[in-house]
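Taken together, the values in this text are just the output of simple stated rules run on the coordinates, not laboratory data. Nothing here was measured: the structure is a model prediction, and the numbers come from that model. All Cβ positions, glycine included, derive from the backbone under ideal geometry; neighbour counts span all protein chains shown.
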Amino acid sequence: NAGVTQTPKFRVLKTGQSMTLLCAQDMNHEYMYWYRQDPGMGLRLIHYSVGEGTTAKGEVPDGYNVSRLKKQNFLLGLESAAPSQTSVYFCASSYGQKEYFGPGTRLTVT
Amino acid sequence: GQQVMQIPQYQHVQEGEDFTTYCNSSTTLSNIQWYKQRPGGHPVFLIQLVKSGEVKKQKRLTFQFGEAKKNSSLHITATQTTDVGTYFCARGYSGAGSYQLTFGKGTKLSVIP
């Protein structure tokens, strides 16, 4: 099993550009999450999903959209990137309240 | 109301010394989880505590959940260079058919060989 995978690993965007981060899990988990991690801020929840076709807002959802069309995939979209969205983005899936994290995507917005 | 506070933010220890990080909440926790993130890596689940006063051990790591379920601690005995990383506590809560974690800001541990 690959566990949780994320693509891409690194990305540099210019302000105003859009992009989609892909998260995939092969563990058949119902719950999936997107977090951002900034220095000294810990992990903050952006959006989450409790199952295919469902999404909900987390602590810091503004500027992001998500979709869960397939159970194994959770997509995070930035429609118009801003420098404040420079961060490391982690996807996670969970089973029995234990979360499994992907390797992360380092995004820089200039 | 859902925040968990972690202290200290940073800790530098000599290899072989002990290390403790604390996690505190102003409200009662239903459970607390601990994660470790190595430099450049992703968070990895260590343990979940659920019961009041619970103590669990994993080799040199000891996890405690307070009697009032408002605080928790992680203690590492005789640190090694492999313990380097950031340790996060996270409170779990359920609501409206979902389950979420709120993470503390973490304690970054450096071990001097």
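Points worth noting:
- Packing-based exposure ordering (other Cβ within 10 Å, fewest first) of A:Tyr31, A:Tyr89: A:Tyr31, A:Tyr89
- Residues B:His12, A:His47, B:His75, ranked from the fewest to the most other C-beta atoms within 10 Å, line up as B:His12, B:His75, A:His47.
- A DSSP coil position with no more than 11 other Cβ atoms inside 10 Å describes the following trypsin sites (Lys or Arg not before Pro) in the stretch A:36-102: A:Lys70.
- Percent RCO, i.e. relative contact order, over chain B, from Cα pairs under 8 Å lying at least 6 residues apart: 37 percent
- Residue order for B:Glu17, A:Glu99, fewest other beta carbons within 10 angstrom first, comes to B:Glu17, A:Glu99.
- Relative to one another, the C-alpha centroids of the stretch B:84-113 and the stretch A:15-47 are positioned 16 Å apart.
- Percentage relative contact order, the stretch A:16-103, counting C-alpha pairs under 8 Å, at least six apart: 35 percent
- Within straight-line cross-link reach of A:Lys98, aspartates and glutamates at Cα separation under 16 Å, skipping those fewer than 8 residues along the same chain: A:Asp26, A:Glu30
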